[in-house]
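Everything below concerns the one structure shown next.
The values are calculated or read from the model by the stated rules, or taken from the named source; none is laboratory data. Note that the structure is predicted; figures quoted are calculated from it, not measured. Don't worry about glycine lacking a Cβ; one is built from the backbone with ideal geometry, like all the others, and counts go over all protein chains shown.
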Amino acid sequence: MEFRLHPVALIRAILRPIDPPLFLLLTVLLAAALVVMQSASPARMEAQLANTGVALALMWVTARIPSARLLSLAMPLYVLGVVLLIGVALFGEISKGAQRWLDLGVARIQPSELMKIAMPLMLAWFFQQREGAIGFVEFVLAGVLLAVPVALIVTQPDLGTSLLVAAAGLYVIFFAGLSWKLIVPLVLVAVVGLGSIVAFGDTLCQPEVDWQVLREYQKHRVCTLLDPTSDPLGKGFHIIQSTIAIGSGGMFGKGWMQGTQTHLSFIPERHTDFIFAVMAEEFGLIGALVLLVVLFMLLLRGLMIAAAAPTLGTRLLAGAITMIFFTYAFVNMGMVSGILPVVGVPLPFISYGGTALVTLCIGVGILMSIQRERALSQS
Amino acid sequence: MTEFRSPDQEVSRLRVRLVVAGVFMLICLSLLAARFVYLQVVRFDYYHTRAEDNRIALVPVPPNRGAIVDRNGKVLARNFAAYTLDITPSQVGDLDDTIDRLSEIVDISDYDRRRFKKFREESKFFESVPIRTKLTDEEVARFIARRYLFPGVDVQARLFREYPQGDLLGHVVGYMGRINNRDVDHLEARGETANYRGTEHIGKRGLEESYEAELHGKTGSEQVEVDAGGRKVRLLSRRTAVPGNSLILTVDAGLQAVAHQAFGDRRGALVAIEPSTGGVLALVSSPSFDPNLFVDGISVADWKGLNESPDRPLLNRAIYSAYPPGSTFKPFMGLAGLSTGKRTPQQAIADPGFYVFGGHRFMDDKIGGHGMVDLHTSIVQSCNTYYYMLANDLGIEGIADFMRPFGFGQLTGIDLPGEADGVLPSPDWKRKRFKKPGQQKWYGGETISVGIGQGYNAYTPLQMATALSALVNDGVVFKPHVVKYVVDPQTGTRREVEPKPIRQIPLKAAHLAAIRAAMVDVNKTGTGARAFAGAEYSAGGKTGTAQVYSLKGSKYKEGNVAERLRDHSWFIAFAPADKPRIALAVLVENGGFGSRSAAPIARQVIDYYLLGKRPAGQASEDEDAPADH
């Protein structure tokens, strides 16, 4: 082994695990995040820079790990996640009416976050183990693997996260080839269910109606979406103010640092979940569309990596990760613009918050790792 | 699903699904794009307006309320700025906790808490309500340093009303109080709701109430940029407020003080009028109250003290309490006799000491009677029999018709709220007054009592003073008024109040002269002689006694009757006799004979007004009153 490295060789060694298209798109998003953060919450710039640095480093580290090794981590991570979730159920801290945190003495952690990566990893690994013999039994088993942690998260209660974890698992199952005969009815049930809630919202949202499955605050979120004006100073205030911010941005926006909704504190949570409203207010429709295009290009790159991935497990994993990115982005922007309920989902790569950014960049790292292996296997 | 699949088939199958996923993403993101186009292009105008509405708040700037000064410029009501600590309940989570924590920084008494609770019930939920008024500079500084701990709590500079003369003019100036629901209804009816945005107090009594529209002014506004918490970020534009008009009164505070002090702790009222203008020179209702007590919400103890006192200090006796005029009615009766031709000045009657009507003996004061009595003697000696006969000759309709133009038994229309109309008795009045047919009939004997100012007669001291003014002003009647000028403080323009007479009663100069001459002799040789002994001017007057309690058969003896059942004492007077500058009516409740308690008050007031003489023992006004301007 040669210890004296030429600078060019060093750079090449550093860049080797990096997928240039993905990295370029990610850089554009992270840079946009910093620009918007300067306007939304200048006091958080340093923290955001630090988070970005850490997240990029972890992405690079992940990208260097061979995808086979990553998949082999699936089982331990999944088991750890489930154990921690049980721990939360038994000993967790209650905050804001929900039991989500586990105090390990060293740090307070939210095991449901871990599940967002562990779940698709686990299912991808599981289907890889059963490659060539994937049948009805496998799908049932996958369903069980999916249902256990989702059920634990639902009871915390944290509907938003449990839906995201469930979605992550369902994407793997979908890509693994679950029959359309099953998918179509499931989608239909979901559509009919949501449709009826919208249609009968007025009756369902009467205070004396008990929704059984959902907690009061979740019912509140759905009802507020159906009629934001019914609660203009509570939850509805968030949606009303963010749609005003977006709408008043117009075609070209009010200009960087010029958003009145942003700078007069009308936008709630403007550095986290509602940061898109800041962006749309200050950069207008043009800014919003550029963001959509960049995100879509990143998602397309993810799908391309999945299509070309060398093994079944990596294909499923890459596809699911890409779909998770999409889900975050769609749910967040849909919520901020008032077409989906208020769910605590950050805008991927833009919202402030270290945990989410690290999780997402590790996801990008996994995609890069898979892409690198394909490149190696082709060469 | 159980059929055998080759890895290649698996891969192509997966790729189909990836394409499906990609198409699905494209559709969803296009949906978002469509939503953005809708919000940012199609509905841009709407959301742009909404954002501007959010950002820009129109903050009302309440105007400076007009001052009230007496005819010599002495300040009776003015504004002063003080800091208040305000809580906006809608922005505060735990109110009690917030107030408890505040009380560690500034002094908050139980009274402050109760008042806050009361104000809060009266205000809209988003309005701010004062928890403490008149903060010291030190308290302001202590709070400002900790303001960040108290969202929804702020210090505000407010203008408060102040009445430097205290209880001297409580009944005239009145007071202000917080706008309550009833005031809101009135403001809505007047279409003034917008003009009162930002105003918290409104006139509740006296001139503060009756001249509210003049005193208030026009509310200005500031267009400011506000943040989501409603805090002002910067000023965009301003429309200045127009201060309210100030009032210059006809009242002379010095004269008022002399009259006020002359009453001491006796109950009663005095109204003094300038006959040539109808301007009220002094208007006393005793006891009075200090309007400053009401300025930032009266305490329960103070309110109870005022409201439950048997002396009823909140009652404005000068304009609201009507009393039988007693013998002060006689000069007007005499004038009626002359004007209707029923009597001549020289015509005399023989007075046996009583008058018989319908089998009933109406008694004179003097046992055995006054002998031969003409008009002059009847007034100077206050002979009842002369007036029993005259009343019978005039008839009740004749009396009522003659008296009505003088304003007896009708609202005078004075510019103070809460005037009572009293009773000018007539068969018509009796029909309306009573419900049972048996009570509705007018009896001839009742006319006889009315002739000497007893019976159903009931007039306010203001009506008596107004009628006397008309009598000494050759029948020219002015509407009595307390305000002389309404002054625009910006231009200095003055508008005179009620400058023209409202009617002229057709009276003969010779008749008027005869009555006035008799009244002058009342103060020289008659019932007013003792009170006006040694006067350096010539004044006319008439005593009167209003019966409170009738003792059947036995003679009324003051000492035998409880204080509250004693007769009310009247005195009406004018001076100087040849060209009267002041006409007044004094009533002392339960004061006994008019010559004893009411007449000396009239003497002190006239002495001061004409000669600037102060009664012994009264300090000069410049020493006991705060100096102004």
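Some points to look at:
- Which numbered condition B:G152 fails, given (1) in contact with an Asp or Glu (Cβ under 8 Å, 6 or more places away or on another chain); (2) within 14 Å of another protein chain (Cβ to nearest Cβ); (3) at positive phi: (1)
- For the range B:337-347, filtered to residues that are crowded, with 17+ Cβ neighbours inside 10 Å and under 18 Å from B:I452 (Cβ atoms), the residue that is farthest from the chain's Cα centre (by Cα) is B:R343.
- Residues in the range B:350-401 that are surrounded by 17 or more Cβ atoms within 10 Å (Cβ to Cβ) and more than 16 Å from B:I448 (Cα to Cα): B:G369, B:H370, B:V373, B:D374, B:L375, B:H376, B:T377, B:I379, B:V380, B:Q381.
- Wholly within the range B:72-163, helices (runs of 4 or more DSSP H) carrying at least 2 residues that are closer than 30 Å to B:N245 by Cα: B:110-122
- The criterion of at least 1 residues that are closer than 28 Å to B:Y355 by Cα and without any contact (Cβ under 8 Å) to a residue 40 or more places away in the chain is met, among helices (runs of 4 or more DSSP H) falling completely within the range B:418-523, by B:427-433, B:437-440.
- Boolean, B:A33 is facing chain A (nearest Cβ under 9 Å) and either hydrophobic (A, V, I, L, M, F, W, C) or in contact with a Gly (Cβ under 7 Å, 6 or more places away or on another chain) (or both): yes
- Residue within the range A:73-85 that is in contact (Cβ under 8 Å) with a residue 12 or more places away in the chain, of a type in the set (A, V, I, L, M) and touching a strand residue (DSSP E or B) at 6+ places or on another chain (Cβ under 9 Å) present: yes
- Sole residue being out of contact with any His (no Cβ under 8 Å at 6 or more places or on another chain), buried (at least 20 other Cβ atoms within 10 Å of the Cβ), within 27 Å of B:G22 (Cβ to Cβ) and within 8 Å of another protein chain (Cβ to nearest Cβ), chosen from A:F326, A:F266: A:F326
- In the range B:25-39, the residues that are within 16 Å of A:G253 (Cβ to Cβ) reach residues that are aromatic (F, W, Y) and crowded, with 17+ Cβ neighbours inside 10 Å with C-beta atoms within less than 9 angstrom, at least six apart or across chains, in these pairs: B:L39/B:Y47.
- Selection from the range A:302-324 of residues that are at pLDDT below 90 and part of a helix (DSSP H, G or I): none
- In the set B:Y47, B:Y38, only one residue is in a helix (DSSP H, G or I), farther than 30 Å from B:G203 by Cβ, at the interface with another protein chain (Cβ under 9 Å from one of its Cβ atoms) and in contact with a helix residue (DSSP H, G or I) (Cβ under 6 Å, 6 or more places away or on another chain); that residue is B:Y47.
- Restricting attention to the range A:128-144, the residues being touching a helix residue (DSSP H, G or I) at 6+ places or on another chain (Cβ under 6 Å) and more than 9 Å from chain B (Cβ to nearest Cβ) number 3.
- Helices (runs of 4 or more DSSP H) completely within the range B:180-221 that count 1 or more residues being more than 27 Å from B:K117 (Cα to Cα) and at pLDDT 90 or above: B:206-210, B:212-216
- Answer residue from the range A:329-359, given it is among the aliphatic types (A, V, I, L, M), within 19 Å of A:A32 (Cβ to Cβ) and part of a loop (DSSP other than H, G, I, E, B) and is nearest to the other protein chains (Cβ to nearest Cβ) among those: A:L347
- Test: residue in the range B:55-66 that is in a helix (DSSP H, G or I) and at the interface with another protein chain (Cβ under 10 Å from one of its Cβ atoms): yes
- Within the range B:290-326, the set of residues being in contact with a His (Cβ under 9 Å, 6 or more places away or on another chain), under 30 Å from B:S378 (Cβ atoms) and among the hydrophobic types (A, V, I, L, M, F, W, C) comprises just one member, B:A318.
- Within the range A:312-323, being within 11 Å of chain B (Cβ to nearest Cβ) and under 9 Å from A:Y171 (Cβ atoms) holds for A:L316, A:G319, A:A320, A:T322, A:M323.
To keep it simple, each residue is scored yes or no on (1) within 29 Å of B:S286 (Cα to Cα); (2) surrounded by fewer than 19 Cβ atoms within 10 Å (Cβ to Cβ); (3) not β-branched (V, I, T).
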position	(1), (2), (3)
B:E208	yes, no, yes
B:L215	yes, no, yes
B:D227	no, yes, yes
B:V233	no, yes, no
B:N245	no, no, yes
B:I248	yes, no, no
B:A259	yes, no, yes
B:D265	yes, yes, yes
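- One residue stands out in the range B:100-115 among those that are of a type in the set (A, V, I, L, M, F, W, C) and over 36 Å from the mean Cα position of the chain (by Cα): the one that is surrounded by the most Cβ atoms within 10 Å (Cβ to Cβ), namely B:L102.
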